[in-house]
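> What follows is a structure written as structure tokens; I'll ask about it next.
The values are calculated or read from the model by the stated rules, or taken from the named source; none is laboratory data. No experiment lies behind these values; they were computed from the predicted model shown. In this analysis, Cβ positions are derived from the backbone assuming ideal geometry, glycine residues included, and neighbour counts consider all displayed protein chains. Surface areas here come from the heavy atoms of the whole protein model, side chains and all, with no ligands, DNA or RNA. Shrake-Rupley method; radii C 1.70, N 1.55, O 1.52, S 1.80 Å.
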Amino acid sequence: MTDHDVVLVGGGHNGLICATYLARAGRRVTVLEAGESPGGCAATREFAPGFSVSSCAQWLNQLNPEIIRELSLEKHGLQWAARNLASVSLDAGGRHLVLQGEQLEGERLTARDRESYPSFRRRMLRYAKLLATACGTRPPKLVESNLADRLNLVKLGLGLKMLGREDMGELMRIILINMYDLMEEHFDSEQLKALLSLHGVLGSHMGPRSPNTVFGYLYHCMGEHHGYLGPAQVQGGMGALGNALAASARDAGVEIRLGTRVAGIDTRAGRVVGVTLSGGEQLRAPLVVSSADPVTTFEGLVGYRNLETGTVRRVSQIRYKSGCAKLHLALSGAPQFTGLDPSRLGQRLVIAPEMDYIERAFNAVKYQECSAEPAMDISIPSVNDPTMAPPGQHVLSAIVQFAPYAPAGGWEQHRASFTSSLLDCLEHYAPGISAQVVGAELLTPADLEARHGMKGGHWHHGELSLDQVMMMRPFPGATQYGTPVAGLYLCGAGSHPGGGVMGQAGHNAAREIIRREAAA
Amino acid sequence: MNSTSDDTMLLTTPFHSRVSRACELNAWGSWKGYTTPKAYTDVELEYFAIRSTTGVFDLTPMNKYRITGPDAGPFLNRLVTRNVDKLGIGRVGYTVWCDDAGQVMDDGTIFHLGENDYRLCAYARATDWLFWSALGFDVNIEDETAAVAALAVQGPTSCAALTAMGLEGLADLKPFGLAEYDFEGETLMVSRTGFTGDLGYELWITPRLAETLWDRLFEAGAPYLIKPFGSDALEIARIEAGFLQAGVDFVPAEEAVRNGRTRSPFELGLDWLVDLDKPLFNGRQALLREREQGSRYRFVLLDVDGNKPAHNSFIMKGRRKVGTVTSAAWCPTAKSNVAFAQVELPHGAVGEELVAEIYYQRELHWTRVLAPCRVIEAPVFNPPRRRATPALPF
Ligand SMILES: Cc1cc2nc3c(=O)[nH]c(=O)nc-3n(C[C@H](O)[C@H](O)[C@H](O)COP(=O)(O)OP(=O)(O)OC[C@H]3O[C@@H](n4cnc5c(N)ncnc54)[C@H](O)[C@@H]3O)c2cc1C
């Protein structure tokens with residue numbers, strides 16, 4: 001006998017969203033989360049006495065507003081510290097570039113930049129809209145598609161056609177090229193080109209010249225399609241979103257067990273029967289949904305020996321190499337960036353002055369080395385949300401690209417030197433900042449993996465590239481949230497459409513599970 | 001390690017000096033990268049050696065994989081359709097293995113050599129698939145194709161010939177049993193196995209002693225009219241005995257390019273090799289589904305009227321094409337004209353009358369024969385001596 005209709009492995013945002021929809025459809029759902037707080041990569045943590053930070057994801061710019069509304073997240077405590085933030089591309093000499101929605105500001109922009117950007121942006125948004133349509137439903141299957149799938153394909157096809165001949169041709173042309181070439185075609189300003197191409201490589205193991213980066217850029221643009229003219233900052237850090245999601249889930253009747261690690265997903269004769277916890281306790285359930293990444297799910301939890309070889313081969317071919325680290329600084333005061341109006345300190349600050357700068361930063365990680373001069377995507381959350389630091393003091397949080405998963409000799413040999421090179425880099429833009437540091441924390445890809453459980457520490461639970469999206473995500477045969485193991489589903493960033501605090505994977509998975517299990 | 005591929009210059013087996021001396025016709029073929037004789041002297045005489053005295057076949061090119069380690073058993077059980085747990089030490093089992101779609105990748109034999117120690121003999125190169133399959137298992141896989149020389153010794157006097165060579169007590173070895181003998185200070189492994197459907201054995205030895213083994217065997221076997229045979233004679237014998245040939249009677253799943261050209265074990269008449277009670281093996285899910293939804297094809301043995309082998313024939317039911325022949329031969333001992341065919345279900349029930357559309361050519365003149373044929377239940381050659389233990393004396 002079981003007390004659960006569904007056991008859900010992992011209480012990240014996708015897991016909680018999936019659980020809530022399932023519970024609302026009448027399922028008895030238990031969420032098992034290894035961490036001590038709900039939200040997974042949407043987390044807040046005190047990293048130095050009195051200083052808190054969104055310890056993994058920091059910007060909310062993709063969470064589907066429909067999900068916010070349907071799950072009443074604002075009623076359950078979600079508050080905005082800031083919305084529609086501008087992106088500021090920092091210049092060491094103080095000649096910054098500011099981008100907000102369609103607005104561009106910067107003394108080094110040319111007339112061509114100013115003229116091209118709005119039409120470029122509108123076209124990208126038309127593509128992002130199409131992509132958002134594809135992300136809003138389960139992906140069609142590669143073969144054996146049924147009527148619903150064909151309709152989805154038709155919708156996609158129609159969407160493509162509705163773009164019109166010119167837009168469609170252009171999409172076909174650019175989707176397989178790279179941000180570097182695309183930017184060269186449109187703009188003069190290195191700052192602008194670099195800022196936009198950073199969006200194409202965030203969270204991925206790619207440089208601006210890598211194929212797939214245009215796709216990465218469009219994926220990022222989906223946020224704007226959802227109404228985010230710039231990133232938003234959650235009051236209390238991303239962990240507050242995790243708490244709101246947990247509250248909404250509990251309200252729907254979901255049981256959430258924190259600090260509960262699943263040691264194995266149990267199968268019998270190709271069917272899931274439940275899970276075993278790290279303490280040995282067994283939970284029996286006819287359905288298990290995993291929001292852990294696919295490699296962890298299949299290799300770590302189900303176990304390769306309990307799968308057929310073809311599945312094992314597919315899983316072991318998933319690319320999940322990360323190059324993304326996180327830097328957290330506790331600062332005794334507000335840092336001063338050269339030439340930056342203090343009123344802009346709470347915006348998104350980016351260090352990526354040139355495309356070649358990002359490309360060089362990427363070069364290092366190809367050889368498992370740390371970038372000498374990394375790109376950074378910086379948030380100083382305490383500006384918009386003073387609860388994050390003691391009065392008058394500040395927190396700086398930066399997404400750092402690129403850092404290897406396993407540098408030669410191990411991270412402990414490199415941690416101090418990389419941290420100090422990051423400070424040198426910041427010092428270049430904000431002279432005096434090093435002296436303000438009263439606490440620092442570097443989370444390497446390996447640390448992120450250890451903390452949040454995603455393989456390789458990968459942002460998307462597996463690279464987001466054309467060979468690993470849509471019906472190939474996470475791999476053919478486990479598409480549409482089902483897996484080759486009967487009764488086992490996936491609902492995390494590793495499944496369609498991918499990562500980012502978006503909620504779409506969890507939402508789509510719940511819909512699919514309800515549909516399929518009703519048919520069964 | 002074996003460093004051959006199908007498109008390099010052909011290799012020779014450790015028996016080559018002896019084989020080439022005996023190969024009077026100089027008729028060579030290629031078998032997975034090795035040069036091997038199609039015939040030595042006369043196909044028919046070679047065939048009759050298998051059926052009446054003793055024939056010897058060099059099977060060294062057969063792909064051989066040694067599988068050892070604590071998970072060797074579980075690894076094989078996940079790999080193949082049969083239940084390997086039921087294969088005792090010292091026993092050999094015929095099996096097939098499938099991809100996840102339940103399509104046959106290959107057939108072969110598993111030798112249970114000792115605790116956590118197996119040899120898998122395969123038609124196709126399997127290293128890639130074996131290594132993928134090994135993820136998650138504590139096993140060691142070694143390609144020992146070139147490291148083990150092998151001879152098939154087949155026919156009614158084979159036991160007598162081998163006993164004369166010094167393999168005492170061989171007569172007591174059961175079909176699919178294994179025995180070990182000392183041979184010039186090395187181990188000679190003997191299995192009562194073969195591809196001819198007759199009494200017969202296969203000998204496995206280090207390549208260093210291959211030539212010595214050949215010489216001793218032919219010396220001891222002379223009074224028993226021992227004779228080497230090539231692949232053409234084997235082809236007739238295996239069809240007569242009803243044995244499938246990978247690459248001929250089915251396309252190994254990983255080699256097939258076109259959709260729908262592969263076959264499941266059920267579609268090859270190999271249901272008896274599939275243990276669906278095993279909780280997990282490659283293809284199980286798909287095969288369960290096929291059991292529920294039905295197969296597409298049926299493998300049938302046909303007894304064809306006349307004596308024209310139905311090579312590559314269409315199989316007709318009335319005016320409708322319902323199948324194709326994959327192997328065909330006039331079988332001299334059974335005196336019947338046998339064909340293996342793939343027919344579309346529901347056709348192919350035992351006793352069903354069909355027609356083979358046979359094309360043949362005489363002096364550039366093509367003729368079409370519509371030969372009536374019927375589905376037969378069992379292979380046409382299956383003598384008691386194949387199984388009798390102790391082996392019958394001749
Ligand atoms: C450095 C970094 C910065 C990022 N910044 C941003 C950003 O600014 N904005 C943005 O939108 N996205 C960002 N992302 C991406 C985003 O955080 C993730 O894609 C997203 O949070 C994934 O959500 P999820 O619910 O699918 O998975 P997760 O949040 O990873 O949740 C999975 C959960 O499963 C749990 N789990 C795993 N294994 C087990 C087990 N065996 N037993 C129990 N529980 C288990 C984990 O503890 C985890 O809580 C960032 C990612 C990284 C790595």
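> Could you calculate the FRET efficiency of B:Asn140 with B:Thr206 from 1/(1 + (r/R0)^6), where r is the beta carbon distance between them and R0 is 30 Å, rounded to 0.05? The partial results should precede the final answer.
Values: r = 20 Å, r/R0 = 0.65.
That pair, B:Asn140 with B:Thr206, gives E of 0.95.
> Please name the residues of region B:92-124 whose accessible area, counted over protein heavy atoms with a 1.4 angstrom probe, falls by no less than 30 Å² between the chain alone and the full protein assembly.
B:Asp100
> Using a 1.4 angstrom probe and counting only protein chains, how large is the accessible area of A:Phe362 in Å², to 10?
We get 10 Å² for A:Phe362.
> A further question follows. Let me know the whole percent of all Cα-Cα pairs from region B:64-143 that are separated by more than 21 Å.
On the way: 468 of 3160 pairs.
Of the Cα pairs, 15 percent sit more than 21 Å apart.
> Using 0.36 nm per residue, how much length does the chain from A:Thr110 to A:Glu184 gain when fully extended, once their Cα-Cα distance is taken away? Don't skip to the end; give the middle numbers.
Values: separation 74, 0.36 × 74 = 26.64 nm, distance 1.35 nm.
Here the segment from A:Thr110 to A:Glu184 would lengthen by 25.3 nm.
> Need one number: nm distance between label points at B:Ser30 and B:Asp128, each 7 Å from Cα along Cα→Cβ, rounded to one decimal.
With each label point 7 Å from Cα toward Cβ, the separation is 1.8 nm.
> R0 = 25 Å: FRET efficiency of A:Leu151 with B:Gln293, Cβ-based, nearest 0.05?
After rounding, the FRET efficiency stands at 0.50.
> Return a whole-number percent for the relative contact order of chain B, with Cα pairs under 8 Å and 6 or more residues apart as the contact set. Walk me through the numbers before you get to the answer.
On the way: 898 pairs, mean separation 70.2, N = 394.
Rounded, it is 18 percent for chain B.
> If I compute solvent accessible area with a 1.4 Å probe over the protein chains, what percent of it on the protein assembly as shown is carbon and sulfur? Intermediate results must be reported in sequence, preceding the final value.
Working: 18320 of 35860 Å².
Reported share for carbon and sulfur atoms: 51 percent.
> Kindly write out, for region B:123-138 in residue order, the coupling ³J(HN,Hα) from the Karplus curve 6.51 cos²θ - 1.76 cosθ + 1.60 (θ = phi - 60°), rounded to whole Hz, with x marking Gly and Pro.
Coupling constants for region B:123-138: 6, 8, 5, 10, 3, 4, 5, 5, 5, 4, 5, 7, 4, x, 10, 8 Hz.
> Please give, to one decimal in nm, the separation of the simple spin-label points placed at A:Glu66 and A:Arg122, each 7 Å out from Cα toward the Cβ.
Between A:Glu66 and A:Arg122, the label points sit 2.6 nm apart.
> Once the piece of chain linking A:Leu466 and A:Glu102 is laid out straight, how much longer is it, given 0.36 nm per residue of separation minus the C-alpha distance between them? Provide the component values of the computation, followed by the final result.
Working: separation 364, 0.36 × 364 = 131.04 nm, distance 2.77 nm.
This chain segment gains 128.3 nm when fully extended.
> Can you tell me the relative contact order of chain A? Whole percent, Cα pairs under 8 Å, sequence separation 6 or more.
It rounds to 24 percent for chain A.
> Another question about this same structure. Given H placed 1.01 Å from N in the peptide plane, which residues other than close sequence neighbours of A:Val438 have an amide H under 5 Å from its amide H?
For A:Val438, the qualifying residues are A:Ala330, A:Leu331, A:Ser332.
> Still on this structure, please answer the following. I want to verify a result. In a Gaussian network model of chain B, Cα cutoff 10 Å, which of these has the top mean-square fluctuation: B:Asp182, B:Asp249, B:Asp303?
B:Asp182
> A further question on this structure: Return the subset of A:Lys366/A:Lys455; B:Lys32/B:Lys86; B:Lys86/B:Lys278; B:Lys32/B:Lys64 for which the Cα-Cα distance in this structure is over 20 Å, preserving the input order.
Going by Cα-Cα distance, B:Lys32/B:Lys86 fall outside the 20 Å limit.
> If you don't mind, there's one more thing I want to ask. Using a Förster distance of 41 Å, how high is the FRET efficiency between B:Lys335 and B:Asp215, based on the Cβ-Cβ distance and rounded to 0.05? Before the final figure, lay out each step's value.
Numbers: r = 36 Å, r/R0 = 0.88.
In this case the efficiency is close to 0.70.
> Normalised by the number of residues in region B:296-378, what is the relative contact order in percent for Cα pairs under 8 Å and 6+ residues apart? Working shown, then result.
Details: 214 pairs, mean separation 30.1, N = 83.
Relative contact order here is 36 percent.
> Give the lysines whose C-alpha is closer than 16 Å to that of B:Lys335, dropping any in the same chain fewer than 8 places away, or say none.
Leaving aside lysines fewer than 8 places away in the same chain, those within reach of B:Lys335 are B:Lys308.
> Kirkwood hydrodynamic radius, the protein assembly as shown, all distinct C-alpha pairs: what's the number in Å?
Across the protein assembly as shown, the inverse of the average 1/r is 31.7 Å.
> May I pose another question? Can you tell me what percent of all Cα-Cα pairs in region B:233-331 are more than 20 Å apart? Mind showing how you got there, number by number?
Working: 2301 of 4851 pairs.
Tail of P(r) above 20 Å: 47 percent of Cα pairs.
> With every protein chain present, what accessible area does B:Arg82 have (1.4 Å probe, heavy atoms only), rounded to the nearest 10 Å²?
Here the accessible area works out near 80 Å².
> Averaged across the residues of B:280-287, what count of C-beta atoms belonging to other chains lies within 10 Å of each residue's C-beta? Don't jump to the answer; show the numbers that get you there.
Details: counts 8, 3, 6, 3, 3, 8, 3, 0.
What the average comes to for B:280-287 is 4.
> Right, next: Summing both sides, how much accessible area is buried between B and A? Use a 1.4 Å probe and give Å² to the nearest 100. Mind dumping the intermediate values first?
Values: alone 17600 and 19740 Å², together 35860 Å².
Its buried surface, counting both partners, is about 1500 Å².
> Does any residue of region A:281-311 lose at least 30 Å² of accessible area with all protein chains in place compared with its chain alone, and if so which ones (probe 1.4 Å)?
Residues of region A:281-311 that lose at least 30 Å² of accessible area once the other chains are added: A:Tyr304, A:Arg305, A:Glu308, A:Thr309.
> Which lysines, if any, have their Cα less than 16 Å from the Cα of A:Lys161, not counting same-chain residues under 8 positions apart?
The qualifying lysines are A:Lys129.
> Given N residues in chain A, what is its alpha carbon radius of gyration divided by 2.2 N^0.38 Å? Show your work: numbers first, answer last.
Details: Rg = 22.2 Å, N = 520, 2.2 N^0.38 = 23.7 Å.
Taking N as the residue count of chain A, the ratio is 0.94.
> Sticking with this structure for a sec: For region B:227-293, which trypsin sites (Lys or Arg not before Pro) pass both filters: DSSP loop (anything but H, G, I, E, B) and at most 13 other C-beta atoms within 10 Å?
On the way: sites: B:Arg238, B:Arg258, B:Arg261, B:Arg263, B:Arg284, B:Arg289, B:Arg291; in loops: B:Arg258, B:Arg261, B:Arg263.
Answer in residue order: B:Arg258, B:Arg261.
> Once you treat every alpha carbon in chain B as an equal point and sum by Debye, what is log10 I(q)/I(0) at q = 0.13 Å⁻¹?
Result of the Debye calculation: -1.17.
> Moving to a separate point now. Of A:Leu32, A:Leu153, which has the most accessible area with a 1.4 Å probe, and how do the rest follow in descending order? Walk me through the numbers before you get to the answer.
On the way: A:Leu32 5, A:Leu153 70 Å².
Largest accessible area first, the list is A:Leu153, A:Leu32.
> With every protein chain left in place, what is the accessible area per residue of the protein assembly as shown in square angstrom, probe 1.4 Å?
Details: 35860 Å² over 914 residues.
So the protein assembly as shown comes to 39 Å² accessible per residue, rounded to a whole number.
> Follow-up. Just to be sure I understand the model, the point goes 7 Å from the Cα along the line to the Cβ. What's the resulting B:Asp182 to A:Thr276 distance in nm?
According to this spin-label approximation, the distance is 4.8 nm.
> Mind checking which aspartates and glutamates have their Cα closer than 17 Å to the Cα of B:Lys38? Skip sequence neighbours fewer than 8 apart in that chain.
Qualifying aspartates and glutamates at Cα under 17 Å: B:Glu24, B:Glu46, B:Asp58, B:Asp232, B:Glu235.
> Here's a follow-up. What would the Debye formula give as log10 I(q)/I(0) at q = 0.12, 0.14, 0.17, 0.19 Å⁻¹ for the alpha-carbon point model of region B:296-378, no solvent?
One equal scatterer on each Cα of region B:296-378 leads to -0.30, -0.40, -0.59, -0.73.
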